[in-house]
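Have a look at the structure below before the remarks.
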Amino acid sequence: MRGTVVALAIGVLVLAGTTGQTLLAAPMSGTVNVGVGSDARMTVVPGGTRVALNHAYFPARVSVRVGTTVVWTNRHTIPEPHTVTFLEPDPKTGEFRGGPPFFFGRPKAGKEGSKNPADLEWLVHEQYVVPNQVSGAKFRNSGFIFPPRMGPPGAQSSWRYTFTEMDAGKTLRYACALHPWMTGSVVVVR
């Protein structure tokens, strides 16, 4: 009897684990929520540095059907912004391919024409700061997403995107423009 109960318990645990993996792997429809900066676990990034996974997307990979809306919400407990930027970061430099440089230099007042880097003020390119629907960026980008009630007046705490037939059959990778080791992906199926 005891052996039967143990075998039954193990069978239930194995089945429960398999079912959970299958449900997570199945493409989702409707609205899918992804947390940004919402976990306190630690991980090792390239170079061996340990970082808290509050610089991560949760879940980092989702599978959705065409017509599904994914909503990314910043869940940080500190007022730190993140982005959802659909560009590939270069694994060596962290710079994004397919968009303008994240930072650019502009001469300080009265220093026009100077070649001295100290005479430049460094700015974040607007196409990363505001959503592509506003900035006109040719790539999908959320702009800065702040935790609720922790950003400047009018700041967004979430960003949504509905995947279309154009996206079908693709795995779309994204990263945070401020923290390029933060990556995620959306697999879009029909």
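Scanning the range 147-165 for residues that are at pLDDT 95 or above and of a type in the set (A, V, I, L, M, F, W, C) yields a count of 2. If the condition is being touching a strand residue (DSSP E or B) at 6+ places or on another chain (Cβ under 8 Å), part of a loop (DSSP other than H, G, I, E, B) and acidic (Asp, Glu), then the range 81-117 contributes ASP90, GLU95.
For the range 80-117, the tally of residues that are surrounded by fewer than 14 Cβ atoms within 10 Å (Cβ to Cβ) and among the aliphatic types (A, V, I, L, M) stands at 1. Of all the numbered requirements in (1) in contact with a Ser or Thr (Cβ under 6 Å, 6 or more places away or on another chain); (2) of a type outside the set (A, V, I, L, M, F, W, C); (3) within 24 Å of SER63 (Cβ to Cβ), PRO148 misses one, and that requirement is (3). When THR31, THR77 are screened for being polar (S, T, N, Q), within 27 Å of MET166 (Cβ to Cβ), surrounded by 10 or more Cβ atoms within 10 Å (Cβ to Cβ) and modelled with pLDDT of 70 or more, only THR31 passes. When ALA109 is tested against (1) without any contact (Cβ under 8 Å) to a residue 60 or more places away in the chain; (2) touching a helix residue (DSSP H, G or I) at 6+ places or on another chain (Cβ under 9 Å); (3) of a type in the set (Gly, Ala, Ser), exactly one condition is not met: (2).
Specify the residue that is farthest from the chain's Cα centre (by Cα); the eligible residues are those in the range 155-175 that are part of a loop (DSSP other than H, G, I, E, B) and of a type in the set (Ser, Thr, Tyr).
Step one: list which residues in the range 155-175 are part of a loop (DSSP other than H, G, I, E, B), which gives 155, 157, 163-164, 168-170.
So of that shortlist, the ones also of a type in the set (Ser, Thr, Tyr) come out as 157, 164.
Values: SER157: 13, THR164: 19 Å.
My answer is THR164.
Considering the range 118-138, the residues that are surrounded by fewer than 17 Cβ atoms within 10 Å (Cβ to Cβ) and in contact with a strand residue (DSSP E or B) (Cβ under 7 Å, 6 or more places away or on another chain) include one that is farthest from THR83 (Cα to Cα), namely ASP119. When you look at GLY47, is it at positive phi and either modelled with pLDDT of 75 or more or in a loop (DSSP other than H, G, I, E, B) (or both), yes or no? For GLY47, the condition - at positive phi and either modelled with pLDDT of 75 or more or in a loop (DSSP other than H, G, I, E, B) (or both) - is met.
How many residues are of a type in the set (A, V, I, L, M), surrounded by fewer than 19 Cβ atoms within 10 Å (Cβ to Cβ) and more than 17 Å from GLU126 (Cα to Cα) when one looks only at the range 139-190? Qualifying residue count for the region: 6.
The values are calculated or read from the model by the stated rules, or taken from the named source; none is laboratory data. Predicted, not measured: the structure shown is a model, and the values here were computed from it. Quick reminder, even Gly has a Cβ in these numbers, built from the backbone with ideal geometry, and neighbours come from all protein chains shown.
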